[in-house]
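The values are calculated or read from the model by the stated rules, or taken from the named source; none is laboratory data. In this text the structure is predicted, and so the values were computed from the model without any measurement. Reconstructed Cβ throughout: ideal geometry from the backbone, glycine too, with neighbour counts over all protein chains shown. Side chains included, ligands, DNA and RNA excluded: accessible areas come from the protein's heavy atoms. Shrake-Rupley method; radii C 1.70, N 1.55, O 1.52, S 1.80 Å.
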Amino acid sequence: MRDSQSNSRYDSPASMLLDLDGHGPLHARLAGALRAAIRDGRLRQDSLLPPSRVLAAELGCSRWVVTQAYAELVTAGYLETRTGSGTSVRPLAGASGTSEAGGAGRTGTASGRTRPGPAPTARAASIDMAPGLPDLRLFPVARWAGAIRAAAAGLTTADLGYRDPAGHPVLREALAEYLARVRGAAVGPGALTVCGSATEGIARICRALAREGATAVAVEDPGWQRVREVAAAAGLAVVPVPVDEQGLRADLLAGLRDVGGVILTPAHQFPSGAVLSPARRHELLDWARRTGGLLVEDDYDAEFRYDRRAVATLQGAAPWAVTLVGSVSKTLSPAVGIGWMVAPPRWTPLLRDAAPPPVLDQLAFASFLRAGSYDRHLRAARKRYRERRDAVVRELAGRLPDASVSGIPAGLHLVASLGPGLDGDAVQRHAARLGVHVVSISRYQVRRGEPGLVIGYGNLADHEVAAGVASLSAAIGRVG
């Protein structure tokens, strides 16, 4: 009774005698029938379609059949989904004159279709499957506003003067307690320096290395390209070191001369997802002991581990050799603009060569930490990201069964290897034309390796997962 009452809100495709006869999977036949109904006007522009459970009941099929058909037509540009509003027919000019032949992998921007207003490229990258951002919809606005109010109410006249280049003592104390408790760092407030982001922290470290006489720094390959850029900007030669399933190939450091530092992501290597093995950790510490070189630990994605407890910092085992760098850019938002460095005593003064973030922002984050709001946010975010990761992995298994997926135990992204013969850069371009922002792994490689895609799910809306993966499948089909 409940379903039949709700049907009055929707244009019911089942009542239009959809023709589901023919060959091929039922979800593909349903997509074709809906496409035909949209083209000939039986389904009007802007009309709201029934929820998947309702239409499945009308047609006598599984709900999965309907969700797959809807996702295909969203990708093709016939339907659109809006949070809280359901699935509706997208307004399309000249739909009856389209030359599209139908089937998976076709899009609403195929040649032969005209559309009023901006060109289709203006809609590019509407589904965000690139790495680098958390879910900005999850930002705890109310609790953050409360932290700002608490910080403002507690301001002293001393807080309104010039900023301490080390960062506000209140935040350094709160951060030191958090990093020791949660990340296993060996840290006190005096060793901690507040900065604007992890990238800014690495840039300061590279400048300090150059001032102390270093001429080169080793980086992971593949690895985050901004690390290479800030190192080069500091005047350092950038030496790529390969990464495998155990993390950075520490054994190769012995053959490198003039390398004064190594920048790496031990807890969750970007982009491969590898965890630095215990043997590699020992090799790196041996290298630091022999050479006096500095290990720079970017604590990337360390808070988001789904298969076990978070991996403890390298810095906690060797505070004399490691500078730990972190930020809230991947946990809260890059707009907050809070990062930190925990350095050995020799290096700490050298890193305080720039102004820290505004005092009110620092005190707000200190209040956020001390109230337990940061811990609560991370617990909720881990649950949400794990569920979304599982959904992405399921969709990839269904749409791209031949793709090898890795890096799934942690973080906000995974890597889908495409195999030989496929150009990841071309897949990235075709995906953008289909409205999906994804990144070819070649962007992060110094030496070209196996083609693949780095698929981020941090800032991907839950309802966009199926459509996003369907578009990736279509893009790969075009390149292949």
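Listed by first and then second residue, the pairs linking a residue in segment 61-81 that is in a helix (DSSP H, G or I) and surrounded by 24 or more Cβ atoms within 10 Å (Cβ to Cβ) to a residue that is modelled with pLDDT of 80 or more and of a type outside the set (A, V, I, L, M), with Cβ atoms under 6 Å apart and 6 or more places separating them unless they lie on different chains, are Val66/Ser52; Tyr70/Thr87; Thr75/Ser471. Going through (1) small (Gly, Ala, Ser); (2) under 24 Å from Arg211 (Cα atoms); (3) under 28 Å from the mean Cα position of the chain (by Cα) one by one, Ser272 falls short only on (2).
So, of the residues in segment 7-26 that are within 23 Å of Ala470 (Cα to Cα), surrounded by 12 or more Cβ atoms within 10 Å (Cβ to Cβ) and under 38 Å from the mean Cα position of the chain (by Cα), which turns out to be modelled with the highest pLDDT? Checking each candidate, the answer is Leu26. Only one of the listed residues (Ala381, Ala371, Ala354) is under 17 Å from the mean Cα position of the chain (by Cα) and closer than 30 Å to Arg204 by Cβ. That residue is Ala381. Checking segment 333-353 against the condition returns a match, with at least one residue being open to solvent by 10 Å² or more (accessible area, probe 1.4 Å), closer than 27 Å to Ala416 by Cα and not in a loop (DSSP other than H, G, I, E, B). Once segment 27-49 is narrowed to residues that are small (Gly, Ala, Ser) and surrounded by 18 or more Cβ atoms within 10 Å (Cβ to Cβ), the residue that is farthest from Tyr70 (Cα to Cα) is Ala37. Does segment 406-424 include one or more residues that are open to solvent by 20 Å² or more (accessible area, probe 1.4 Å), small (Gly, Ala, Ser) and either touching a His at 6+ places or on another chain (Cβ under 7 Å) or free of Cβ contacts under 8 Å to residues at least 24 places away in the same chain (or both)? No; the residues of segment 406-424 include none that is open to solvent by 20 Å² or more (accessible area, probe 1.4 Å), small (Gly, Ala, Ser) and either touching a His at 6+ places or on another chain (Cβ under 7 Å) or free of Cβ contacts under 8 Å to residues at least 24 places away in the same chain (or both). Considering segment 301-325, the residues that are in contact with an Asp or Glu (Cβ under 8 Å, 6 or more places away or on another chain) and not hydrophobic (A, V, I, L, M, F, W, C) include one that is farthest from Gly188 (Cα to Cα), namely Thr313.
Check segment 290-304 and report whether any residue there is open to solvent by 40 Å² or more (accessible area, probe 1.4 Å) and outside any loop (DSSP other than H, G, I, E, B). The answer is yes, given that some residue of segment 290-304 is open to solvent by 40 Å² or more (accessible area, probe 1.4 Å) and outside any loop (DSSP other than H, G, I, E, B). On inspection, Pro131 qualifies as assigned to a loop (DSSP other than H, G, I, E, B), open to solvent by less than 80 Å² (accessible area, probe 1.4 Å) and closer than 30 Å to Leu434 by Cα.
Annotation: Asp425 fulfils all but one of (1) under 19 Å from Val393 (Cα atoms); (2) outside any loop (DSSP other than H, G, I, E, B); (3) in contact with a helix residue (DSSP H, G or I) (Cβ under 7 Å, 6 or more places away or on another chain); the unmet one is (1). The residue of segment 384-405 that is surrounded by the most Cβ atoms within 10 Å (Cβ to Cβ), among those that are basic (Lys, Arg) and within 17 Å of the chain's Cα centre (by Cα), is Arg389.
Of the residues making up segment 468-479, one or more are under 17 Å from Asp390 (Cβ atoms), within 17 Å of the chain's Cα centre (by Cα), among the small types (Gly, Ala, Ser) and open to solvent by less than 10 Å² (accessible area, probe 1.4 Å).
Listed conditions (1) in contact with a Pro (Cβ under 8 Å, 6 or more places away or on another chain); (2) at pLDDT below 95 are all met by Ala310, apart from (1). Total residues in segment 453-467 satisfying the condition of being part of a helix (DSSP H, G or I) and crowded, with 24+ Cβ neighbours inside 10 Å: the figure is 1.
Just one of the listed residues (Val262, Val275) is at pLDDT below 95 and aliphatic (A, V, I, L, M), and it is Val275. Looking across Gly407, Gly337, Gly372, one residue alone is on the phi > 0 side of the Ramachandran plot, of a type in the set (Gly, Ala, Ser) and modelled with pLDDT under 95. It is Gly407.
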